[in-house]
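Shown next, in structure tokens, is the structure this report addresses.
The values are calculated or read from the model by the stated rules, or taken from the named source; none is laboratory data. For clarity, every value in this text was computed on a predicted model and none was experimentally measured. Here the Cβ positions follow ideal geometry from the backbone for every residue, glycine too, while neighbour counts run over all protein chains shown.
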Amino acid sequence: MAAVHDPRDDGGAGPERWGTGRRPRRAGGCGPRTDGGGELGVGCRRSRPAPGHAAAHRAGGDHHLGWCAVSRGGRGQWTDGRIRIRRRLLLVAWVLVAVVMVVRSAEVQIVERTAWARDAVNQHQKTRDVPAQRGRILDRNGGDLVVSHWRATVAVAPNEVGDRGAVEAALVDELGVRPQTAARVSDPTREWSVVPGRYSMTQVAGLRGLRGIHIQGELRRVYPREELARGLLGVVQDGIGTGGIEQAMDTVLAGRPGSDLVARDNRGREIPGQVVTVEPPLPGRDIVLTIDRDLQEIAEEMLAAALDSTGARGGDIVVTDPMTGEIMALASIAEGSAAALSAVNTTFEPGSTIKPFITTALLRHDLVSPRDSVDTEGGRWEVNGRVITDIHRGGWMTLPDVIRESSNVGIAKFASRLSEGQQYVALRDFGFGTPTGVPLPGEAAGVLRRPELWSNQSPQSLAIGYELSVTPLQMAMAFGAIANGGLLLEPRLVKEVRDHDGSPERFGQPRVIRRVVPESVIRTLTPMLVDVVDSGTATRARMAAYQMAGKTATTRATGSDGRYEDGAYYASFGAIFPADDPQLLFFVRLDRPDGSYYGGATAAPVTLATLEALLSARQSPIDRVALARSQREHVAPAAATPLVRFAVATDPGEPEMWVPDPGDAGAAGPAEAPSGTGPAMSVPDLEGASLRVALRRLHKMGLRVRLEGGGTVIATIPEEGMPVVAGDTIVVVGQGR
């Protein structure tokens, strides 16, 4: 029986729904639906019934509901499977996270425990370096040249102050601050205040123990004599020695820093007063130099005066003990700076001061005797395409005459008897061309070329002090070899190093580098050098009571391009005092003096003035007993020199003609003898002068002196203008009486 379609089956939509053959769609998928007012089921879609099932469908909805149940059951099983998978994946993820956290926790608490604990501590504690007190630098007599002093910074934490009035009173009484300042730094509204200024440890001693006051020490390098020997001593920058002894002996002076543990708050700021010393600092060791503090001061004073009166750009003074090689004074001024070290690191051509060393080579090899003579050809000699000239137009001269008059022609002719090897070895043995080994940074070695690099003019050039370069210190050590009988010594600047308890740890002993010439050669040469001072080119260094041996030089100066500058010269003088029993060796060099620029007219008077000031000083490195034995048997009148800091200041001497060829020129001859002063004199005006100047002036007048006090002169007894005679005693009263 054919099935009859009832339009109610699909709610009146039969033709439209079944006629198209497409399944009807409803938004939302399965859900409650009705068929002609009857409920079909939950979550079912209406579908087209299969043929033959229409009657059954019309008879009721059981068959359709059964189909929907089956359809829903399959889809639900698929959804439940996806949920189970998601749950498992989520569980695995959580398990993995938990495992990572457990592993990381174990790593932090077990493996990295120490590092994390250290970081935690560092957040609340800080290790701070504590500087070590730098060692002192002392002169040969134990006087302070450089020391380190603690300077204190004072701070106030008002919230810690128990008695504000007591704190304010202590700041005013101990530090000398104004009451307004004390009140401001202790203001309770402030967390932390620093008292302006730095104070000595003695000043802050009375503040220790007061609640709320915190004292922080700082080491500072102090120079008791201000600018004395600053180039030689050097400076300290950022805790590191720079220049001079500070740099050369930095590891000895520096010591070893310590460390403190400082507590910090939650912001990383230091908590005042909570400091624990972990390792105390180890102070540096003291160094004792061979420098004599008073002689160094005299040398610097005389050098500055020489530059002022001669117009020189700079200069150097080196004073040594020729028997030990000890440097007793070393002063340099370059480009207006007294902190220079040009005596060690600046070279120049020595000129005629090289002639004594050429002479020792001639005497050592028996190529000349003091009686030998050469023809100086009127002061002009042409050799190997070069013309050598003299200031003094002489004829035949003996070897002593050549040295006394500083004849370029004479020494060049004598030197032609030496082979190139003999001449080179003689200069090299005196230390030219090699560093001296002084413990100072930046020492220059100078230049002395080997013979295979010489030209055919080199032997004559070297004989008069050209084609080689030296430092003032090298010249001083070479002259020292002449003074001590022929031994070249290494310069000594460090006398000893003292341990922390003050006991000497290391001594610097004199070190002989080599014997240069036999003593017999020195005995022959020394009288020639004495004649240079007594009657030759260095008469302005002559002393009435003692003999001095020396040699002057005047050499052309070079510019920055290495070429000789027109009208620019170096004036120098090497001196041995006293000549028969040497105690001191002087070498003076002036850079480009104006006017009378010769060594005998400028450098020699500086030596004399330095020596006179030293002899006038109450403390002196000179052995006066031995010096008394060296007095001349017949006291000869000294060269006329005005009573000034040194002779050239007001007595330039007679002008001399300069021949434009390298060489040395001495003074025009001995100065005029002083006129008699008569038995009566008057006390000079010395008020405001230094004691050293006063002593020198009074001693030169033949007066005895008794000092009272120190500093500058405020009065004399007898007073200014009173008549006195030689041998009278003058009381000089100093400001520090």
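Overview of values
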item: Matching entry among ARG514, ARG523 (being surrounded by fewer than 16 Cβ atoms within 10 Å (Cβ to Cβ), in the same structural domain as LEU585 (by TED's automatic domain parsing) and over 41 Å from the mean Cα position of the chain (by Cα)); result: ARG523
item: Residue tally, condition farther than 15 Å from GLY336 by Cβ and of a type in the set (A, V, I, L, M, F, W, C), over the stretch 306-324; result: 4
item: Every pair of residues 6+ apart whose Cβ atoms lie under 7 Å, when the first sits in the stretch 91-108 and is surrounded by 10 or more Cβ atoms within 10 Å (Cβ to Cβ) while the second is basic (Lys, Arg) and not in a helix (DSSP H, G or I); result: none
item: Contacts under 9 angstrom Cβ, first residue in the stretch 142-162 being without any contact (Cβ under 8 Å) to a residue 60 or more places away in the chain, partner in a strand (DSSP E or B), 6 or more apart; result: VAL156/SER193; VAL156/VAL194; VAL156/ILE213; VAL156/HIS214; PRO158/SER193; VAL161/ILE213
item: Selection status of ASP594, among the charged types (D, E, K, R), over 24 Å from GLU565 (Cα atoms) and part of a loop (DSSP other than H, G, I, E, B); result: no
item: Residue within the stretch 183-190 that is surrounded by fewer than 17 Cβ atoms within 10 Å (Cβ to Cβ) and under 30 Å from LEU282 (Cβ atoms) present; result: no
item: Subset of the stretch 449-466 (residues that are assigned to a loop (DSSP other than H, G, I, E, B) and either closer than 30 Å to ARG511 by Cβ or not assigned by TED's automatic domain parsing to the domain that holds TYR424 (or both)); result: ARG449, ARG450, GLY465
item: Close pairs (7 angstrom Cβ cut-off, 6 or more residues apart or separate chains): more than 16 Å from LEU488 (Cα to Cα) and in contact (Cβ under 8 Å) with a residue 24 or more places away in the chain in the stretch 498-523, of a type outside the set (Asp, Glu) and in a loop (DSSP other than H, G, I, E, B) anywhere; result: ARG498/ARG285; ASP499/ARG285; HIS500/PRO283; HIS500/ARG285; GLU505/ARG285
item: Count - residues of the stretch 189-219 that are in contact (Cβ under 8 Å) with a residue 40 or more places away in the chain, among the small types (Gly, Ala, Ser) and not in a loop (DSSP other than H, G, I, E, B); result: 2
item: Some residue of the stretch 501-509 being aromatic (Phe, Trp, Tyr), closer than 20 Å to VAL438 by Cα, at pLDDT below 90 and part of a strand (DSSP E or B); result: yes
item: Pick from the stretch 220-241, criterion without any contact (Cβ under 8 Å) to a residue 12 or more places away in the chain and acidic (Asp, Glu), ranking: farthest from VAL344 (Cα to Cα); result: ASP238
item: Helices (runs of 4 or more DSSP H) within the stretch 333-448 that include 1 or more residues of a type in the set (Phe, Trp, Tyr) and assigned by TED's automatic domain parsing to the domain that holds ASP531; result: 355-364, 408-415, 420-429
item: Out of PRO400, PRO435, PRO439, PRO350, sole residue that is farther than 23 Å from ALA557 by Cα and under 43 Å from the mean Cα position of the chain (by Cα); result: PRO439
item: Members of the stretch 382-405 that are under 17 Å from ALA361 (Cα atoms) and either in contact (Cβ under 8 Å) with a residue 60 or more places away in the chain or surrounded by fewer than 20 Cβ atoms within 10 Å (Cβ to Cβ) (or both); result: THR398, LEU399, PRO400, ILE403
item: Single unsatisfied condition, ASP187 versus (1) closer than 30 Å to GLU297 by Cβ; (2) at pLDDT 85 or above; result: (1)
item: Hits in the stretch 134-182 - residues which are of a type in the set (Asp, Glu) and over 30 Å from GLY244 (Cβ atoms); result: GLU160, ASP163, GLU168, ASP173, GLU174
item: Residues of the stretch 559-583 classified as surrounded by fewer than 24 Cβ atoms within 10 Å (Cβ to Cβ) and in contact with an Asp or Glu (Cβ under 7 Å, 6 or more places away or on another chain), total; result: 2
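Okay, residues lined up against (1) crowded, with 19+ Cβ neighbours inside 10 Å; (2) in contact with an Asp or Glu (Cβ under 7 Å, 6 or more places away or on another chain); (3) assigned by TED's automatic domain parsing to the domain that holds ALA254:
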site: SER148; (1), (2), (3): yes, no, yes
site: VAL156; (1), (2), (3): yes, no, yes
site: ARG164; (1), (2), (3): no, no, yes
site: GLN203; (1), (2), (3): no, yes, yes
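For every residue, the table says whether it meets (1) surrounded by 13 or more Cβ atoms within 10 Å (Cβ to Cβ); (2) in contact with a strand residue (DSSP E or B) (Cβ under 8 Å, 6 or more places away or on another chain); (3) in the same structural domain as THR602 (by TED's automatic domain parsing); (4) at pLDDT 85 or above.
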residue: TYR223; (1), (2), (3), (4): yes, yes, no, yes
residue: ASP260; (1), (2), (3), (4): yes, yes, no, no
residue: ARG264; (1), (2), (3), (4): yes, yes, no, no
residue: ALA299; (1), (2), (3), (4): yes, yes, yes, yes
